[in-house]
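This report concerns only the one structure given below.
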């Protein structure tokens, strides 16, 4: 039985910037504008149809000014990479309340070229006082912190974790837009032979760094039937935030925010993990989808390592990963943050791939016959989280 | 060249609720805020107890001993860190709270750093006004 606002709204427009990767000719705001334009074109709408604006790498003030619109509903929730997943939930609520009819959620980031991007927080912030002085630098030094505790408590191994980038690369090889499309397959041994970045993460455990953006358009389920593309219904949503600094995580083997947001999404959708055909589990690093698979209830606590490491041989001798093409549970089918693209706040790309799979437009990487997809992402380092359950029927 | 110019790493800037902590480290004392209502210490220092919201807090010196709860060995130096690799860790103090820190160790390896190993505080006077609490393994 569904609850709350299940199936009251749908995604009717979805698109990325023309290109992703290295875009030195585009500023942070220019990337937003192109993403917005492309998503509206996909939906067959005009900018003037938009009356709800959801954006965070560009603040709502900046983006309304840049696009020259006056939306009557604004949301600038900024809790890291899952902010866009949270925006979907907020858009569903705003549409149900009548506060807006056409919600535009926009992501853009000059993550590689770093044109008009902000730096870290202040020296007086808790992180400025109690994390940064210890040589915490980029995300690999913070996302890595929980991993050895998980290894210690559950016997998880680095070799098991090394299967995640290998399986995800298999999807990228089927996706011509993936930045690693032509980079060839990798094995778990290749992951461990790549340069050490921050133990236990080697380079291939870490996501790509790129420029790019994307946007989606959401409207009421009633109205959604009148659009050019098959509507993707929003069955369940969840969100939570637990902390800001990685050292303040209550239990380094569980993301509390993931647990809270996952439960809410499944309850609203009236579904269980067994009902999900396809997953997008934000892979900022190899370890992150492992944590999410456990905390969303797809496997028991501590069982993600053996799950990801399970492989079988195809008749032609190639390796089929459990979460890769031809595997039992397709995860991160665009190639993920590890092999598709990662701009900094990747959550939008995870949503866009779920939409492509549910529309049936995913080309060679299309998972046949799927009806449901779950999108889950963290904000900052397991600090916040958000979950979406989507369906094409 | 004085110490302030010599040190290039990120420095904390105390706020009213953390001033006593940083004053303490400067005197080579690890201070924790304790709630006199619920009796629990917390970290990082806040203006109210995160367990019961009481504002009745007092500073007490911690033992400086704890366990290595989890860590990483970082090979890409942050600004001002001249030697790699170095260990970024979370230590669980005997009093209960956890804090991020560095483990002071030459040539860190996973084998040399078992999870839950006993550690003790050492103080690194990085500038004339800032002392960072770091930890080292307790030799068994």
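The values are calculated or read from the model by the stated rules, or taken from the named source; none is laboratory data. This one's a predicted model, so the numbers in the text were calculated from it and none came from an experiment. Cβ atoms come from the backbone with ideal geometry, glycine included; neighbour counts cover every protein chain shown.
See the values below:
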quantity	calculated
Single match in B:98, B:65 (criterion: surrounded by 15 or more Cβ atoms within 10 Å (Cβ to Cβ), touching a residue at least 12 places away in the same chain (Cβ under 8 Å) and more than 8 Å from chain A (Cβ to nearest Cβ))	B:65
Failed criterion for residue A:107 (all others in (1) under 24 Å from residue A:15 (Cβ atoms); (2) surrounded by 15 or more Cβ atoms within 10 Å (Cβ to Cβ); (3) free of Cβ contacts under 8 Å to residues at least 60 places away in the same chain hold)	(3)
Residue check, residue A:271 more than 25 Å from residue A:163 (Cβ to Cβ) and either part of a helix (DSSP H, G or I) or more than 14 Å from every other protein chain (Cβ to nearest Cβ) (or both)	yes
Verdict on residue A:178 being away from every other protein chain (no Cβ under 14 Å) and over 23 Å from the mean Cα position of the chain (by Cα)	no
Residue list for region B:1-36, filter: under 27 Å from residue A:250 (Cβ atoms), free of Cβ contacts under 8 Å to residues at least 60 places away in the same chain and touching a strand residue (DSSP E or B) at 6+ places or on another chain (Cβ under 9 Å)	B:17, B:20, B:21, B:24, B:31, B:33, B:34, B:35, B:36
Qualifying residues in region A:141-160 (those that are assigned to a helix (DSSP H, G or I), facing chain B (nearest Cβ under 7 Å) and touching a strand residue (DSSP E or B) at 6+ places or on another chain (Cβ under 6 Å)) - the one surrounded by the fewest Cβ atoms within 10 Å (Cβ to Cβ)	A:149
Single residue of A:101, A:118 found to be closer than 30 Å to residue B:102 by Cβ and part of a loop (DSSP other than H, G, I, E, B)	A:118
Test: residue A:94 is modelled with pLDDT of 95 or more and out of contact with any helix residue (DSSP H, G or I) (no Cβ under 7 Å at 6 or more places or on another chain)	yes
Candidates B:78, B:112 - the one that is buried (at least 20 other Cβ atoms within 10 Å of the Cβ), part of a loop (DSSP other than H, G, I, E, B) and within 14 Å of chain A (Cβ to nearest Cβ)	B:78
Test: residue in region A:294-301 that is within 26 Å of residue A:140 (Cα to Cα), surrounded by fewer than 19 Cβ atoms within 10 Å (Cβ to Cβ) and touching a residue at least 60 places away in the same chain (Cβ under 8 Å)	yes
All positions within region B:83-95 that are under 17 Å from residue A:198 (Cβ atoms) and touching a residue at least 12 places away in the same chain (Cβ under 8 Å)	B:85, B:86, B:87, B:88, B:89, B:90
Residues that are within 23 Å of the chain's Cα centre (by Cα) and either at the interface with chain B (Cβ under 9 Å from one of its Cβ atoms) or surrounded by 13 or more Cβ atoms within 10 Å (Cβ to Cβ) (or both), drawn from region A:117-132	A:117, A:120
Qualifying residue in region A:79-86 (condition: closer than 18 Å to residue A:210 by Cα, part of a helix (DSSP H, G or I) and in contact with a strand residue (DSSP E or B) (Cβ under 6 Å, 6 or more places away or on another chain))	yes
Top-ranked residue of region B:44-62 - restricted to ones that are part of a loop (DSSP other than H, G, I, E, B) and in contact with a helix residue (DSSP H, G or I) (Cβ under 8 Å, 6 or more places away or on another chain), ranked as surrounded by the fewest Cβ atoms within 10 Å (Cβ to Cβ)	B:44
All positions within region B:81-95 that are at the interface with chain A (Cβ under 7 Å from one of its Cβ atoms) and under 12 Å from the mean Cα position of the chain (by Cα)	B:88, B:90
Residues of region A:181-201 classified as within 14 Å of chain B (Cβ to nearest Cβ) and in a loop (DSSP other than H, G, I, E, B), total	3
Selection count where residues are exposed (fewer than 15 other Cβ atoms within 10 Å of the Cβ), in a loop (DSSP other than H, G, I, E, B) and either within 13 Å of chain A (Cβ to nearest Cβ) or without any contact (Cβ under 8 Å) to a residue 60 or more places away in the chain (or both), scope region B:118-140	3
Strands (runs of 3 or more DSSP E) contained entirely in region A:304-393, each with at least 1 residues that are buried (at least 24 other Cβ atoms within 10 Å of the Cβ) and within 11 Å of the chain's Cα centre (by Cα)	A:372-379, A:384-391
